[in-house]
Amino acid sequence: MTPAPSPEERAFGESLHGALVAAGPFPWPLSDIAGRADSPAHDSVLTASDRASRVPPTPGGSGPGRSRPGDFGLGYPGPGDARPGGSGPGGSAPGEGVCSVKADAGPGAVWAVLARLGVTGLAVPERFGGAGASVGALVVAAEELGHHAAPGPVAESLAAVPVLLAGCGNDEVAATWLPELAAGRVLAGLTAPPWLPRAVHGGTAGIVVVAGTDVVRWGRAGSAYTSMDSSRLLAEVSPAGVVAEGPALVPVIARALDLGALVCAAQLLGLGRGMLEASVEHARNRSQFGGPIGRFQAVQHRLADVSVALQFARPLLWAAAAAMGPSERDRSAGLSPGTADGGTVARDVSAAKVACGEAARLAARVALQTHGAIGCTREHGLGRWLTAARVLALSWGTPAQHRARIMTELARER
Amino acid sequence: MDTSAGAAAHRAWERSLFDAGLAVVSWPSAFGGRDAPPLHELIFDEAYHGCGAPIRIGQNGLFLLAPTLLAHGTAEQCARILPPMARGETVWAQAWSEPEAGSDLAALRSTARRTDGGWLLSGQKTWSSRAAVADRAFGLFRSGPPDERHRNLTYLMVDLRAPGVTVRPIAQLDGRTGFAEIFLDDVFVPDADVIGRPGDGWRVAMSTAGHERGFTLRGPGRFTAAASRLVDLWLGHGDPADGATRDRVVDAWIAARAYRLAAHASLTTTMPPSAIKIFWSETDIALHEAALDTLGANAETQTAWTDGYLFALAGPIYAGTNEIQRDILAQRVLGLPRDRGTR
Ligand SMILES: Cc1cc2nc3c(=O)[nH]c(=O)nc-3n(C[C@H](O)[C@H](O)[C@H](O)COP(=O)(O)OP(=O)(O)OC[C@H]3O[C@@H](n4cnc5c(N)ncnc54)[C@H](O)[C@@H]3O)c2cc1C
């Protein structure tokens, strides 16, 4: 049977979409964004003065006191500050003032919303305050976050770092930070060369982790760089105190990184889907030469190609999710089939990452072409999806790195 | 370029070029050029981009309006308009597109109403590159009833500082305000600033469009220079084991070389502008895609390559979308029938 989301996972994804539409940080749908005064600020993360005044995070022994609830170290609004909008009963109706966080919200504010929706705790085991959810639930959530072009270190903070901290065997660290991650009070940055040479939001995240092959360390954020995706800020990270090390960590780290790559692939699929939906909508509504541009075959065929690419990337994503096995609940001790014992995780995750990345890239090019000049403006908002797709396609392993890994695995399977 | 300080520096640079006799090598000497033959212009273009010299702030005027004036303008217009353009004193913007008239330019609604000694322009133009820092603009306006799509259009030049003009800069994907909306409210333009006959603007405009799509706006130097930087990038940062990316780098280099050779061939044989436009825009994207792939995970950091990539993505949209160019190529050059459509 072809792997697919369970009915519960599917329902979770739909409810998440609904909740993000109603209470999410960004106007929706994408095609309505044009011309709105409160269109999502592209430069949502930091102002220049914020960057200048940024205090490098203290590595190692920093206890939970370092991260006060509602304080991400940068004045991001915490859960208490993010006035929920239309999510609950009696909330304002969609369409008017539904943004529960300011349009210029950074990832910290987004995280507050995600915490309320139960997304931040998905990969955290129950005993540390999380949901210990299925890999499928995480994939569903990540696709929806991509669908909404939610900014922030999604794969790092929601997937890989929770798995690293839960499985590394350092109970003190796990007990200190996992509840914070689960509650969405802390964002985690991660570097793991060669896949992740720099940490997204490393300079502002509550914790920064450096993953080697058999060692997990804290990281110290150094120089910051702007990204092609202006909602992201990258930090150079130097390794600091050791969190845990030893041969037992090899499969834990491998699993954490594979889960991160899988979540990134899911985001890419969601980004592609969001761009296709917006493009179809635009092609229906934009009129030239006396009718909608969507009646031209040149436009139709390109959109049809995007649809094909997305439809055939999805089963690869779900096959990889299935290969990753059961939930994080059963893995808190760091047990993992990984690839060492003949599992197909590496191969399947890489195939999903390549296919979802290529589909999203095609979707981005076609979306821009379909939108014409309006898509080239910041005001419109398509650029958020487009640049996110381009940088995530290169993040968590480039297509070339994943293709090489697939061939290595195929050779091993002979 | 989109800030006033940046624009001032670009204008000063244009002035230095002019003083060195290099601003407009192919123009008649009467207007500031040196009567150089087309081959010399190509050589200049390659040398200019080869040494990493800046984008020309005056490009709309220099490469699009000037050839139009030389072909369709009066002697008085050429003498009045071309020399300050060559000196970088007058920077021009193009004002064709409107919110409802993109690919379908003939659907434009901005009007030119007859008045004493000239015309009153009203309406909205948009996506006008460099309009935020430009002095004047040229474009098409409807000077008669709209029922005749390609008739009753007049080609006019308008002062962007004139009363009734409002320019609203628009930020592009890289965050810079590379283009702008232009709102016109009864803006006076004297008869002397009509190019060609009133009502005959479409024909004149198509000659401008030919220059925009052809080798005039996008000389080969920009692409051969980028290809050379790309090869350096590969040699410095490429992973020798990554044959696929190497192939993309080489393919982009081949395309840039083909473009250069075609530009030289075009000195003796003509080439359809639609084919040229499709090729340069796709080549530009291929060059930047290959650079990002070469940089791999490090490509995300904002650099000239990422900014160039975001701009290159617009290439298949501006100067007439590539879909429209393919229609033109297929129907007018290859002679295929038009689909008049039952849908
Ligand atoms: C960076 C940039 C700079 C620009 N600078 C200027 C400038 O200086 N001055 C100026 O006047 N304009 C400028 N433009 C505007 C440009 O000319 C228009 O964007 C272009 O004509 C397309 O119009 P549109 O954006 O409205 O897209 P639309 O016409 O709405 O087209 C949207 C999509 O539909 C497709 N389509 C439309 N009609 C057909 C058809 N018949 N068959 C098949 N497909 C079709 C298009 O190819 C495109 O993919 C600029 C645009 C950009 C992006």
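Here are a few things to note about the model shown:
- Scanning the stretch B:325-343 for residues that are surrounded by 14 or more Cβ atoms within 10 Å (Cβ to Cβ) and at the interface with chain A (Cβ under 9 Å from one of its Cβ atoms) yields B:Arg326, B:Asp327.
- Of the residues making up the stretch A:347-404, those that are at pLDDT below 95 and in contact with a Pro (Cβ under 7 Å, 6 or more places away or on another chain) are A:Gly381, A:Arg384.
- Strands (runs of 3 or more DSSP E) within the stretch A:122-229 that include 3 or more residues over 19 Å from A:Val349 (Cβ atoms) and touching a residue at least 60 places away in the same chain (Cβ under 8 Å): A:215-226
- Test: residue in the stretch B:141-157 that is away from the ligand (no atom under 11 Å from the Cβ) and under 26 Å from B:Leu310 (Cα atoms): no
- When B:Asp185, B:Asp147 are checked against the criterion of being part of a loop (DSSP other than H, G, I, E, B), acidic (Asp, Glu) and in the same structural domain as B:Arg114 (by TED's automatic domain parsing), B:Asp147 stands alone in meeting it.
- Qualifying residue in the stretch A:231-250 (condition: on the phi > 0 side of the Ramachandran plot and either of a type in the set (S, T, N, Q) or part of a loop (DSSP other than H, G, I, E, B) (or both)): yes
- Residues considered: B:Thr321, B:Thr301, B:Thr306, B:Thr294. Of these, the only one that is hydroxyl-bearing (Ser, Thr, Tyr), more than 16 Å from the chain's Cα centre (by Cα), open to solvent by 10 Å² or more (accessible area, probe 1.4 Å) and within 8 Å of another protein chain (Cβ to nearest Cβ) is B:Thr301.
- Restricting attention to the stretch B:88-129, the residues that are open to solvent by 40 Å² or more (accessible area, probe 1.4 Å) and more than 7 Å from the ligand (Cβ to nearest atom) total 11.
- Among (1) at negative phi; (2) open to solvent by less than 10 Å² (accessible area, probe 1.4 Å); (3) more than 9 Å from the ligand (Cβ to nearest atom), the one test that A:Gly375 misses: (3)
- B:Ile276 within 13 Å of the ligand (Cβ to nearest atom) and either of a type in the set (D, E, K, R) or part of a helix (DSSP H, G or I) (or both): no
- Top-ranked residue of the stretch B:309-318 - restricted to ones that are within 12 Å of the ligand (Cβ to nearest atom) and part of a helix (DSSP H, G or I), ranked as most open to solvent (accessible area, probe 1.4 Å): B:Phe311
- Restricting attention to the stretch A:261-300, the residues that are within 13 Å of chain B (Cβ to nearest Cβ) and under 30 Å from A:Gly343 (Cβ atoms) total 2.
- Unmet criterion (only one of (1) in contact (Cβ under 8 Å) with a residue 40 or more places away in the chain; (2) crowded, with 17+ Cβ neighbours inside 10 Å) for B:Ser4: (2)
- Take the conditions (1) open to solvent by 40 Å² or more (accessible area, probe 1.4 Å); (2) assigned to a helix (DSSP H, G or I); B:Pro67 misses just one of them, which is (1).
- Residue within the stretch B:186-203 that is small (Gly, Ala, Ser), crowded, with 19+ Cβ neighbours inside 10 Å and either within 13 Å of chain A (Cβ to nearest Cβ) or within 16 Å of the ligand (Cβ to nearest atom) (or both) present: yes
- Qualifying residue in the stretch B:280-288 (condition: more than 9 Å from chain A (Cβ to nearest Cβ) and either more than 28 Å from B:Thr177 (Cα to Cα) or of a type in the set (Lys, Arg) (or both)): no
- A single entry from B:Ala209, B:Ala162, B:Ala227, B:Ala205 fulfils the requirement of being outside any strand (DSSP E or B), within 22 Å of the chain's Cα centre (by Cα) and more than 22 Å from B:Ala107 (Cβ to Cβ): B:Ala227.
- Residue count for the stretch A:347-406, restricted to those that are within 11 Å of another protein chain (Cβ to nearest Cβ) and of a type in the set (Lys, Arg): 6.
- Some residue of the stretch A:312-327 being more than 16 Å from the ligand (Cβ to nearest atom), within 14 Å of chain B (Cβ to nearest Cβ), open to solvent by 30 Å² or more (accessible area, probe 1.4 Å) and at pLDDT 95 or above: no
The values are calculated or read from the model by the stated rules, or taken from the named source; none is laboratory data. Here the structure is a predicted model, which is why all the values come from computation and not from measurement. When we count neighbours, we look across all protein chains shown, and the Cβ atoms used for this are built from the backbone with ideal geometry, even at glycine. Side chains are part of the model used for accessible areas, which takes the heavy atoms of the whole protein and leaves out ligands, DNA and RNA. Shrake-Rupley method; radii C 1.70, N 1.55, O 1.52, S 1.80 Å.
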